[in-house]
Number of protein chains: 2
Amino acid sequence: MANPTGLAGRRSAAERKPRKERWAELIETATQVFYERGYEAASLQEIANRIGMLKGSLYYYIQSKEDLLFEVVNEVHQKGLAVVTALAQGPSPSPLERLHRVIRGHVEHTCHNLVPTAVFLHELSALPEDRRRQVLGDKHSYQGVFRSLIEEAKAAGEVREDVDPKLAALSILGSANWVYRWYRPDGEFSAQQIASHLAETAIRGIASEAGLASCTR
Amino acid sequence: MANPTGLAGRRSAAERKPRKERWAELIETATQVFYERGYEAASLQEIANRIGMLKGSLYYYIQSKEDLLFEVVNEVHQKGLAVVTALAQGPSPSPLERLHRVIRGHVEHTCHNLVPTAVFLHELSALPEDRRRQVLGDKHSYQGVFRSLIEEAKAAGEVREDVDPKLAALSILGSANWVYRWYRPDGEFSAQQIASHLAETAIRGIASEAGLASCTR
């Protein structure tokens, strides 16, 4: 599915575009339709109509509506994961400082990908268990990035002794995820402003005195 | 609707129960069905079946499925609002200390009302604008409780100068709301434990040095 193979035949204008471009268009349109209608109510017919393809031509790319949902949620998840993983491995020797960057990066990624993020958060549960696990990774890789940094920071004395890293990771990721519900591109607060606020308050929330002092921002 | 009037006639066992009791049962069942199926897919027929009433008898209580959704989301919202409003007006002279209690109270309310909270958060947008405003209040009363306390705390020097009260209120309410997605009654963390953690980290996130010192916990 990620490397669709097309077949020759009678093709519309949309269908004559390069395969990779058509695939991107298909994913983008499916994301929008899932967002507007909800996954259950969304139909392959409508997705095909919007990109000017015959419904039957969709089957060159996917076998079912579920395949499309899998691709949509997997794509936004993998992209976000790449962002936070890169930031977590950044040059700063302070894990708390790196966590600060990871939170900012995650929030900005969310703000710049509102529609696919909403589909991910609303519809992930519509996938069967095995495909859900395929997206999230066996060890909840996304949450794991946050948790590992908090554990590392705690071991370095940058996080208070009474903070549970798993609980803190869930809580920080939660406040960051929730942004998709209230951020608006034309709203009062910019993505950058929200990202900085959330990172700053999350770090102060868990930091030890030494952590606050060592975490230069 | 909140004070339903019944009519006499041929009545099933469920229908012979006192009116107030039947109303409570109707709301509870509707909440469950909206949760399981989603509002769009839920049918009055199924709700009637589950409580052993004729579908036609539902019209003694409501005029439409939308009336039921309104009642469900309004009830959980009003209950939560009563909890946080009472805590916000508590005896402590420190607004930050009161905010701490408000956050704990909101998180515990969420954990103890997982299903109606999920319906509220997922389906509020299915109500037309005027009924949504009727639930939330013109000035977003729920968010307002958090925001007012943060403003008060800032004026008292308990909150850092660079904290925007509206942004902070949205962010705190967000991390607290998100709990409905991962809290499980039989899970690793108790409602109380999550509530304390979220309150503690949120307060530390925005407090000035004076605020931290004055907020005895």
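Taken together, the values in this text are just the output of simple stated rules run on the coordinates, not laboratory data. All of these numbers come straight from a predicted model, not from anything done at the bench. Every residue, glycine among them, receives a Cβ derived from its backbone with ideal geometry; neighbour counts consider all protein chains shown.
What to note about this one:
- Sorted ascending by nearby beta carbons within 10 Å, beginning with the fewest, B:Tyr60, A:Tyr59 become A:Tyr59, B:Tyr60.
- Viscosity 1.567 mPa s, 4 °C: Kirkwood-radius Stokes-Einstein D of segment A:14-63 over Cα pairs, µm²/s: 119
- Between B:Val159 and B:Lys154, B:Ser208, the built amide H atoms are under 5 Å apart, and every one of these is 5 or more places off in sequence or on another chain.
- Summary value for segment B:1-160: 24 percent relative contact order, contacts being C-alpha pairs under 8 angstrom separated by 6+ residues.
- Over every Cα atom in the protein assembly as shown, the radius of gyration and the widest Cα-Cα span, Dmax, amount to 24.3, 77 Å.
- Inter-copy label distances for B:Leu54: 5.2 nm (label point placed 7 Å from Cα along Cα→Cβ; shortest first).
- Descending semi-axes in whole angstrom, ellipsoid equivalent of segment B:67-214, from the Cα gyration tensor: 27, 18, 12
- Annotation for A:Glu36 and A:Ser64: the two label points, set 7 Å from Cα along the Cα-Cβ direction, are 2.5 nm apart.
- Candidates B:Asn49, B:Asn113, B:Asn177, ranked by Gaussian network fluctuation over chain B, Cα under 10 Å, top entry: B:Asn49
- Sorted fewest first by neighbouring Cβ atoms within 10 angstrom, B:His100, A:His106, A:His77 come out as A:His77, B:His100, A:His106.
- Dividing the mean sequence gap of close Cα pairs (under 8 Å, 6+ apart) by how many residues segment A:14-63 holds gives a relative contact order of 37 percent.
- Within chain A, the longest run free of GluC sites (Glu not before Pro) that sit in a DSSP loop with at most 15 other Cβ atoms within 10 Å is A:41-160.
- Inter-chain Cβ neighbour average for residues A:161-170, partner chain, 10 Å: 4
- Trypsin sites (Lys or Arg not before Pro) within segment B:116-186: DSSP coil, no more than 11 neighbouring Cβ in 10 Å: B:Lys139
- Convex hull volume of the C-alpha atoms in segment A:39-141, normalised per residue: 119 Å³.
- Each Cα pair under 8 Å and six or more residues apart adds its sequence gap; the mean of these over the residue count of segment A:85-217 is a relative contact order of 40 percent.
- When chain A is treated as a GNM with alpha-carbon contacts under 10 Å, the residue of A:Ala48, A:Ala176, A:Ala30 showing the greatest mean-square fluctuation is A:Ala48.
- Convex hull of alpha carbon positions in segment B:53-100: directionally averaged projected area 4.7 nm².
- Reach of A:Lys20 by Cα under 27 Å, taken over lysines that are not fewer than 8 positions away in the same chain: A:Lys55, A:Lys65, A:Lys79
- Taking 17 Å as the straight-line reach from the Cα of A:Lys17, the aspartates and glutamates in range (excluding those fewer than 8 positions away in the same chain) are A:Glu25, A:Glu28.
- Note on B:180-193: average number of Cβ atoms from other chains within 10 Å of each residue's Cβ is 2.
- Counting only other chain Cβ atoms within 10 Å of each residue's Cβ, the peptide A:201-213 averages 4.
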